[in-house]
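For reference, the structure discussed in these notes is given below.
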Amino acid sequence: MINPGHPAARRQAAVPPALRRLASLRYEIRRFLRFSEKAARGAGLTPMQHQMLLGVAGFTGRGWATISELAEFLQARHNSVVELVKRGVRVGLVAKDPQPGDRRFVRVRLTPSGERLLSRLSNVHLGEIRRLRTHLQRVGFTRPRHAKQGRR
């Protein structure tokens, strides 16, 4: 703790509240990402494999995704996602369903094993999201869930 009379304490007091909230948000995002990476590794996945499973299952709302959609979700190059999906197929996380007549269009879907891993990781992540939401409410970044929607 800094002595209130110290020059650093006076400089700290001059930081605008919005900047403090943004710094807090950035810190919490990084903590969440670190948590997610550790949880994925603990489940035997790489962080990118976990993100691929999440993108396949949830990004489009259809329960499957194309390579291009996964590339957008992962913010990765198309050819990198092709290789990620190939590795996912090899280890039994995802399956590819090519479309008859158009080899360029491939649906990527979860296998039962991929579904189980994603479900387990999602439950763990939801608990961490609740912790994050509570913290962000405390620093004034979000309204409590039960707050009535009023004027903005």
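The values are calculated or read from the model by the stated rules, or taken from the named source; none is laboratory data. Every value quoted in this text rests on a predicted model; they were computed, and no experiment measured them. A quick note on method: Cβ atoms are made from the backbone with ideal geometry, for glycine too, and the neighbour counts reach across all protein chains shown.
For the range 48-58, does any single residue satisfy the condition of being in contact with a Lys or Arg (Cβ under 7 Å, 6 or more places away or on another chain) and surrounded by 12 or more Cβ atoms within 10 Å (Cβ to Cβ)?
yes
Mind counting the residues in the range 89-110 that are of a type in the set (Lys, Arg), farther than 20 Å from residue 61 by Cβ and either surrounded by 13 or more Cβ atoms within 10 Å (Cβ to Cβ) or in contact with a Ser or Thr (Cβ under 7 Å, 6 or more places away or on another chain) (or both)?
0
Could you tell me which residue of the range 1-52 is modelled with the lowest pLDDT, considering only residues that are outside any helix (DSSP H, G or I) and closer than 24 Å to residue 135 by Cα?
1
Taking the conditions exactly as written (over 28 Å from residue 23 (Cα atoms) and within 19 Å of the chain's Cα centre (by Cα)), does residue 61 satisfy them or not?
Here the answer is yes, as residue 61 does meet what is asked.
Here are some residues: 113, 80, 36, 68. Which one is in contact (Cβ under 8 Å) with a residue 24 or more places away in the chain and either among the hydroxyl-bearing types (Ser, Thr, Tyr) or buried (at least 16 other Cβ atoms within 10 Å of the Cβ) (or both)?
When all the criteria are applied, what remains is 36.
For the range 53-85, name all the residues that are within 20 Å of residue 97 (Cα to Cα), out of contact with any Leu (no Cβ under 9 Å at 6 or more places or on another chain) and not in a helix (DSSP H, G or I).
60, 61, 62, 65, 66
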